[in-house]
Amino acid sequence: LLLQEFDGSVYLFGYAVEMWLKAVCLRLRGHGPTVQVKAALPPLKTWMKANAPSVPFGDYHDLSALARAVMALRQDQGRPLPLPLLTELGLRIAGGMHDGWIVDMRYRRSGLSAADAWAALLSAWWLRSHWPQLT
Amino acid sequence: MPVKSYNPSRPADMQVLVDRLAAEWESPDPAAAEPVILQEPNHKGDVVRVYVVWSDWAHLDRERRGEVIMDAAERVKPMPDVLKITIAMGLTPDEADRFKIRWR
């Protein structure tokens, strides 16, 4: 970001968000830190299909689907996210970063601006600060 | 001109693999060497981890193999049992050996 590489910055912030969301989802599914992530995601997708069928779970990099999985898992456990967390997660990630970030950014430039990159940083920073509260 | 459905995210032979795995899961063929389906229960006896060793899906990545397992599980198990599965790991024989899974 300091070097004004805005595309690369947004890609890395989105990638970090994806990892935090996956960590939250897998913790909520009862997994420990050594779980094989690629073996744990298809059962999560099936769980979402049964429990939150309105959420399109296209691929495993979909920030909106992963954020909504966090919400659905917490709801299913009888511990729905408190309204401030639910709102922030929805606005910043499911409806914020999700709209501006796709994993294919690693392969091509999108001409993103400094404002885009700072917005992504703020969203990623929010998740970095709050992901333990989501579990 | 024919109109065909196109889903680039799903390999063409995935459904065939789901069909074959579900058939084997439902009625295991004692003569078949593969696929080998390993079901690991938790302390309550519920199957929570499924490992499948199979040469025929070497071209698929691990996530796709997991999806094949889950799609097949939906065919052969009641949904409440399917939803108890939290790990669906698809491996080739070489990979299973490297993971030191006793499958032979």
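Nothing in this text is a laboratory measurement; each read-out follows from the coordinates by a stated rule. Treat the numbers as computed from the prediction; the structure is a model and nothing was measured. Methodologically, a virtual Cβ is constructed for each residue, glycine included, from the backbone with ideal geometry; neighbour enumeration extends over all protein chains shown.
Applying the Karplus relation 6.51 cos²θ - 1.76 cosθ + 1.60 with θ = phi - 60° to segment B:34-42 yields 3J(HN,Hα) values of 9, x, 9, 10, 10, 10, 9, x, 8 Hz, where x marks Gly and Pro.
Let a ≥ b ≥ c be the square roots of the eigenvalues of the Cα gyration tensor of the protein assembly as shown; is it rounded (a/c under 1.5), or, if not, prolate (a/b larger than b/c) or oblate? Note, shape of the protein assembly as shown comes out prolate. Largest GNM mean-square fluctuation across B:18, B:48, B:36, computed for chain B with C-alpha springs under 10 Å, falls on B:48. When the C-alpha to C-alpha distance is required to be over 18 Å, the pairs from A:22/B:100; A:45/B:84; A:45/B:44 that qualify are A:22/B:100; A:45/B:44.
Taking a virtual spin label 7 Å from the Cα of residue A:59 along the C-beta vector, which residues in segment B:37-69 bring their backbone nitrogen under 18 Å of it? Taking a point 7 Å out along Cα→Cβ of residue A:59, the residues of segment B:37-69 whose backbone N falls under 18 Å are B:60-68.
Per-residue Karplus couplings for segment A:73-86, computed as 6.51 cos²θ - 1.76 cosθ + 1.60 with θ equal to phi - 60°, are listed in order as 5, 5, 4, 5, 7, x, 10, x, 4, x, 3, x, 5, 4 Hz, Gly and Pro entered as x. Whole Å is fine, so just give me how far the alpha carbon centre of segment A:45-88 lies from that of segment B:33-104. Cα centres, segment A:45-88 to segment B:33-104: 24 Å. Each stretch of four or more DSSP H residues adds -39500 (n - 2.57); spread over every residue of chain B, this sum gives -10500 deg cm²/dmol at 222 nm. When A:49, B:44 are arranged by Cβ crowding within 10 Å, least crowded first, meaning fewest neighbours, the order is B:44, A:49.
For residue A:81, the residues 5 or more places off, or on other chains, whose built amide H falls under 5 Å of its own are A:75.
Here the residues A:47, A:20, ranked from fewest to most Cβ neighbours within 10 Å of their Cβ, fall in the order A:20, A:47. The angle between the Cα long axis of helix A:114-134 and the main principal axis of chain A comes to about 20°, on a 0 to 90 degree scale. As a rough footprinting exposure proxy, the listed residues A:93, B:101 were ranked by other beta carbons within 10 Å of their own, and the order from fewest upward is B:101, A:93. Any chance you could give the angle, 0 to 90 degrees and rounded to 10, that helix B:62-76 forms with the longest Cα principal axis of chain B? In chain B, helix B:62-76 runs at an angle near 80 degrees to the longest axis. For peptide B:86-98, the mean count of partner chain Cβ atoms within 10 Å of a residue's Cβ comes to 3.
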